[in-house]
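The values are calculated or read from the model by the stated rules, or taken from the named source; none is laboratory data. Just so you know, these numbers come straight off a predicted model, no measurement behind them. Every residue, glycine as well, gets a Cβ built from its backbone with ideal geometry; the counts of neighbours run over all protein chains shown.
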Amino acid sequence: MSAEATNPAMPGPVTPGAQRRRGRPRLDLRRLGRAALMGPATRDRLPDAIGHVAEAHRAHYPDADLEPLRRAWVLAESSHRGQMRKSGEPYITHPLAVTLILAQLGAETTTLTASLLHDTVEDTDVTLDQVRTEFGDDVCYLVDGVTKLEKVDYGAAAEPETFRKMLVATGNDVRVMSIKLADRLHNMRTLGVMRPEKQARIAKVTRDVLIPLAERLGVQALKTELEDLVFAILHPEEYSQVQELIAANAVGGGDPLEGTADDVRAVLREAGIAAEVLIRPRHFVSVHRVHRKRGEMRAADFGRLLVLVNEDADCYGVLGELHTCFTPVVSEFKDFIAVPKFNLYQSLHTAVARPDGEVAEVLIRTHQMHKVAEAGVVALRNPYAPPSEEQSDTGPDAPSVDAFEGERADPTRPGWLSRLLDWQEAAPDPDTFWSTLREDLAQDREIAVFRPDGGTLGLPAGASCVDAAYAQYGEDAHACIGARVNGRLATLSTVLRDGDTVQLLMGQDAASGPSREWLDHARTPGARIAIRRWLTTHPTPASAPAASTPEKPSPPPQTSDFPRPAAANAVVDREGASVRLAGCCTPVPPDEVTAFAVRGGVVTVHRVECPAVGRMKEVGRAEVGVRWGDSAECRVTLIAESFGRAHLLADLTEAIALEGVEIMSATVEPPTQQRVRHTYTLQLPDAAHLPGLMRAMRAVPGVYDVSRAQHPAAATS
């Protein structure tokens with residue numbers, strides 16, 4: 001913020017520490033207070049210099065109290081007096097320009113007051129205590145939040161640690177980042193006076209950190225201009241090509257979209273929908289993206305139509321009229337009203353073709369959605385004020401915080417910011433924080449996945465079950481061994497999609513931990529930092545197993561495979577036939593069953609949903625009528641899946657015995673990724689025992705599923 005501040009009396013940047021070291025006296029609080037009260041403007045008149053700020057502010061807040069702005073201007077102007085920017089302008093022009101940007105976006109009075117003062121503590125002898133005394137705690141917090149840390153104290157870590165400080169402050173008040181973004185925009189507008197190498201360095205930080213933050217906070221008006229300014233500095237040749245494309249398109253005179261706009265106005269007028277139809281030219285980076293995607297640019301590609309209506313329902317009314325009266329391009333339709341973006345953005349996107357083949361992209365939104373689309377969190381006014389206070393400082397169309405659902409309901413702590421603040425605490429050093437921050441912000445899309453308890457996890461696109469585990473459990477996720485995605489067992493490497501439901505399965509072994517392979521599946525910084533820290537503190541000797549595979553208990557002795565199924569209590573429509581229950585599905589009363597004659601005069605009985613039934617019919621096996629008889633005793637095969645732990649087999653067999661069930665045979669497969677599969681063939685005294693038996697087995701600690709067996713290999717017996 002103060003990179004361009006200089007003082008004619010002292011060459012080089014002016015910082016509070018440097019001034020004190022050079023022996024300059026601190027500004028007297030009493031003198032500053034008197035200047036604020038008796039400055040060049042009287043209390044009932046604003047200084048001319050901030051008249052345009054007041055005009056922009058009153059457009060959003062007709063009844064706003066402008067006295068804090070007047071006092072902030074007097075203090076800022078007197079404190080920065082004599083300081084010049086490298087452009088040769090008085091330094092006060094910078095905080096004034098930053099404040100105007102925020103006023104035009106609709107920022108409330110507290111933000112504008114802090115914006116006028118945002119460089120005073122950093123570049124003059126004004127202290128935070130003085131700001132707090134004159135303007136209150138909120139203004140003091142915002143000014144402190146955007147004040148840089150000094151290189152004399154932090155050295156090369158000053159920039160990353162300044163951003164860390166700023167992000168932590170933003171976690172408590174998003175208005176901190178609003179001021180920073182506006183500050184960076186004005187500095188980028190005037191960056192031409194800097195050396196080329198410094199321009200490139202600042203532009204890269206803007207590209208990697210500030211632009212993604214503007215996107216996440218929904219401040220599109222700042223984001224798009226920052227993108228163009230960065231594009232011009234880092235890619236001058238491509239920027240010049242885009243300039244030539246735009247200039248060539250303008251040579252023909254008249255916007256080709258104007259005809260389509262007139263047609264749309266006529267259609268909506270006839271339908272009785274009150275709407276404003278505007279043409280929005282694409283910004284430079286948007287034109288560049290379209291050119292790279294489509295190659296040859298059509299005249300209509302240089303802009304889009306924006307349709308603004310009064311009510312949400314009108315948006316869909318407009319959409320219906322456009323798709324009825326024009327030819328819709330179905331692939332271009334997106335509904336960000338029903339499913340808003342995580343950064344507050346709401347709009348309908350579509351594209352339509354006229355009879356002459358001209359295609360126009362169309363954005364449809366309400367006036368209020370448009371304000372939020374342009375200004376993001378700034379359009380929420382003061383989200384921290386109580387209702388009574390907020391009403392005095394807002395217009396009739398001001399959005400309420402409660403108007404937004406889910407993550408958007410609390411702009412003070414959106415999901416992505418909560419995750420960022422969580423992992424930054426664990427970042428071991430400034431370099432790790434700085435590189436991980438850029439990596440995190442490079443993920444430009446977010447998905448929502450649901451927990452079985454009804455909670456929601458916000459994750460970046462491409463996140464896996466590993467990321468979900470660490471997002472939900474923090475470092476306790478080290479013990480995670482699997483997941484169910486939409487009710488089905490899944491590995492931790494499974495990539496999640498928007499709307500998936502995820503149940504994470506936690507192991508019982510407290511000593512277990514993640515494997516190095518987990519890093520290949522982790523997209524979120526929180527997961528990657530936690531995994532790396534665990535691997536660092538649990539090194540694996542070269543001769544030991546991989547870190548992902550804790551020591552496995554020796555499997556118990558395995559029995560022989562299943563015996564042939566016992567004679568069934570089935571009554572079949574074939575006299576003298578020997579009846580056996582099929583080993584592939586082990587039917588028990590009251591399962592719905594069917595039967596087939598096989599070799600040797602044997603009839604096998606299957607559950608009707610058994611996969612073998614379809615195969616038997618395909619090969620021409622004749623079905624035999626079958627029904628359950630009166631005898632109650634039956635045999636069934638159950639599969640128990642569990643986490644590996646000591647004494648598990650003993651606990652399971654005890655649970656089965658307590659149900660009065662006889663174990664005919666048991667097979668325990670060797671553990672795989674801390675999971676164990678048990679197969680039991682059981683003789684039940686009564687088929688009615690089966691549901692209770694399965695519940696008792698599931699109740700054994702470590703068992704997460706019990707199911708009936710299916711054995712395709714036995715299907716043709």
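Write out, first by first residue and then by second, each pair whose Cβ atoms fall under 6 Å of each other, whose residues are 6+ apart or on separate chains, and whose first residue, in segment 193-210, is under 19 Å from ASP440 (Cα atoms) while the second is polar (S, T, N, Q) and surrounded by 15 or more Cβ atoms within 10 Å (Cβ to Cβ).
Cβ pairs passing all conditions: none.
Can we say HIS235 is surrounded by fewer than 17 Cβ atoms within 10 Å (Cβ to Cβ), modelled with pLDDT of 90 or more and more than 30 Å from PRO328 (Cα to Cα)?
On the way: surrounded by fewer than 17 Cβ atoms within 10 Å (Cβ to Cβ): yes; modelled with pLDDT of 90 or more: yes; more than 30 Å from PRO328 (Cα to Cα): yes.
Taking the combined requirement at face value, the residue satisfies it.
Conditions (1) buried (at least 17 other Cβ atoms within 10 Å of the Cβ); (2) modelled with pLDDT under 95; (3) among the aliphatic types (A, V, I, L, M), marked per residue:
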| residue | (1), (2), (3) |
| --- | --- |
| PRO62 | no, yes, no |
| GLN83 | yes, yes, no |
| GLU89 | no, yes, no |
| THR113 | yes, no, no |
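Only residues that are among the basic types (Lys, Arg) and either crowded, with 17+ Cβ neighbours inside 10 Å or free of Cβ contacts under 8 Å to residues at least 40 places away in the same chain (or both): list them for segment 439-465, please. Give the derivation first.
As a first pass, look at segment 439-465 and keep what is among the basic types (Lys, Arg): 445, 451.
Within segment 439-465, just ARG445 meets the criteria.
Assess whether LEU229 counts as being farther than 17 Å from VAL377 by Cβ and not assigned by TED's automatic domain parsing to the domain that holds LEU105.
Numbers: farther than 17 Å from VAL377 by Cβ: yes; not assigned by TED's automatic domain parsing to the domain that holds LEU105: yes.
Criteria met by LEU229.
For segment 658-695, which positions are assigned to a helix (DSSP H, G or I) and either free of Cβ contacts under 8 Å to residues at least 12 places away in the same chain or surrounded by fewer than 19 Cβ atoms within 10 Å (Cβ to Cβ) (or both)? Don't jump to the end; show me each part of the working.
Step one: list which residues in segment 658-695 are assigned to a helix (DSSP H, G or I), which gives 658, 689-695.
Correct list: LEU658, PRO691, GLY692, MET694, ARG695.
Surrounded by fewer than 19 Cβ atoms within 10 Å (Cβ to Cβ) and β-branched (Val, Ile, Thr), is that true of THR147?
no
Just for strands (runs of 3 or more DSSP E) wholly inside segment 265-380: which have at least 1 residues that are crowded, with 21+ Cβ neighbours inside 10 Å and among the small types (Gly, Ala, Ser)? Reasoning before the result, please.
Values: elements: 276-281, 303-309, 348-353, 359-366.
By residue number, 303-309, 359-366.
Could you please tell me which pairs satisfy a Cβ distance under 9 Å, a separation of 6+ or placement on different chains, a first residue in segment 470-489 that is β-branched (Val, Ile, Thr), and a second residue that is in a helix (DSSP H, G or I)?
VAL485/CYS465
I want to confirm something. Restricting to segment 578-617 and keeping residues that are part of a loop (DSSP other than H, G, I, E, B) and among the hydrophobic types (A, V, I, L, M, F, W, C), which single residue is surrounded by the fewest Cβ atoms within 10 Å (Cβ to Cβ)?
First pass over segment 578-617, keeping only residues part of a loop (DSSP other than H, G, I, E, B): 582-592, 608-610.
From the residues that got through so far, the ones that are among the hydrophobic types (A, V, I, L, M, F, W, C) too are 582, 584-585, 588, 608, 610.
On the way: ALA582: 27, CYS584: 24, CYS585: 27, VAL588: 25, VAL608: 11, CYS610: 23.
So, considering only residues that are part of a loop (DSSP other than H, G, I, E, B) and among the hydrophobic types (A, V, I, L, M, F, W, C), the one surrounded by the fewest Cβ atoms within 10 Å (Cβ to Cβ) is VAL608.
Taking the condition over 21 Å from VAL230 (Cβ atoms), of a type in the set (Lys, Arg) and in a helix (DSSP H, G or I), does LYS180 pass? Give the derivation first.
Values: over 21 Å from VAL230 (Cβ atoms): no; of a type in the set (Lys, Arg): yes; in a helix (DSSP H, G or I): yes.
Against the criterion (over 21 Å from VAL230 (Cβ atoms), of a type in the set (Lys, Arg) and in a helix (DSSP H, G or I)), LYS180 does not qualify.
Among helices (runs of 4 or more DSSP H) lying entirely in segment 64-141, which contain 1 or more residues that are in contact with a His (Cβ under 8 Å, 6 or more places away or on another chain) and touching a residue at least 60 places away in the same chain (Cβ under 8 Å)? Steps first, answer last, please.
Working: elements: 67-80, 93-105, 109-116, 120-123, 128-135.
Where helices (runs of 4 or more DSSP H) fall fully within segment 64-141 and carry at least 1 residues being in contact with a His (Cβ under 8 Å, 6 or more places away or on another chain) and touching a residue at least 60 places away in the same chain (Cβ under 8 Å), they are 93-105, 109-116, 120-123.
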